[in-house]
Amino acid sequence: MLKKRKEFFQKINKFEKQDYLDSFLIYLLSPIITGIKPSATITLTHMQGDRFRYLYEKELSNENFEYLRIRRCEKKELIMIYNKKSLIKYLSIEENKKLLEGAGYSGMSIEEMFEELRFRIITEEFPHEIGLFLGIPACDVKGFLNCKKCIHSRYWKVYDNLEIANELFDLYDSSRDIVINDTLKGVPLEKTIYSMKNMYLKNVDILQ
């Protein structure tokens, strides 16, 4: 698949600037679109942020996705894109809930959690509990916080339950492979988005 990934980037590099950005953003966000990941953060220039908002309104706003600007500085902005229903369900898993409560998020609605998270990102050192919001297993968030020895590293550092982590990594890759394969075949981006919507949502049960 490495060869195809290289071909994908070679192809989109020849696209018009806006089309390139659209394809690259959907490539990055594909694990959310397929349902395996509840949210993701991306850092964009302000011009890229404007294009993201255009793409969101055109292709993603009717697909249960929402976004939040977490931080904005002179040249860049940090945006979180999420599936609200999936994220609430994920954060309600008992182990995740306990970890969040211990981090000071007790009794909060999802909107209040976002406000607290955004406040911490702006005013403090980067809050490591953000890993839970991004769908990282609680055991790995705790492992990082407790400075345990990392046993594997890919999309995040793994400290426990490598089997589940590898299952998730493979599904992340599969999500991105859909975008790669469709792009190389010339499939319109909107058709790719529609075809992969919630494709792997049921697989989130491996985290329960």
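The values are calculated or read from the model by the stated rules, or taken from the named source; none is laboratory data. Values in this document were obtained by computation on a predicted structure and should not be read as measured data. Methodologically, a virtual Cβ is constructed for each residue, glycine included, from the backbone with ideal geometry; neighbour enumeration extends over all protein chains shown. These area figures cover heavy atoms from the full protein model, side chains too; ligands, DNA and RNA do not enter into them. Shrake-Rupley method; radii C 1.70, N 1.55, O 1.52, S 1.80 Å.
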Kindly check whether there is at least one residue in region 184-204 that is of a type in the set (A, V, I, L, M, F, W, C) and touching a Leu at 6+ places or on another chain (Cβ under 7 Å). no
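Can you pull out the strands (runs of 3 or more DSSP E) entirely within region 22-136 that have at least 2 residues that are open to solvent by 50 Å² or more (accessible area, probe 1.4 Å) and farther than 22 Å from residue 154 by Cα? Don't jump to the end; show me each part of the working.
Working: elements: 39-45, 65-72, 76-83.
So the answer is 65-72.
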Out of curiosity, is residue 188 of a type outside the set (Val, Ile, Thr), surrounded by 14 or more Cβ atoms within 10 Å (Cβ to Cβ) and closer than 27 Å to residue 60 by Cα? no
Taking into account only those residues within region 151-208 that are over 15 Å from the mean Cα position of the chain (by Cα) and among the aromatic types (Phe, Trp, Tyr), which is farthest from residue 65 (Cα to Cα)? 159
Just a yes or no: is a residue in region 173-182 under 15 Å from residue 38 (Cα atoms), part of a helix (DSSP H, G or I) and modelled with pLDDT of 95 or more? yes
Have a look at 160, 170 and point out the one that is assigned to a helix (DSSP H, G or I), open to solvent by 50 Å² or more (accessible area, probe 1.4 Å) and farther than 30 Å from residue 57 by Cβ. 170
Can you pull out the residues in region 139-157 that are open to solvent by 80 Å² or more (accessible area, probe 1.4 Å) and part of a helix (DSSP H, G or I)? 144, 145
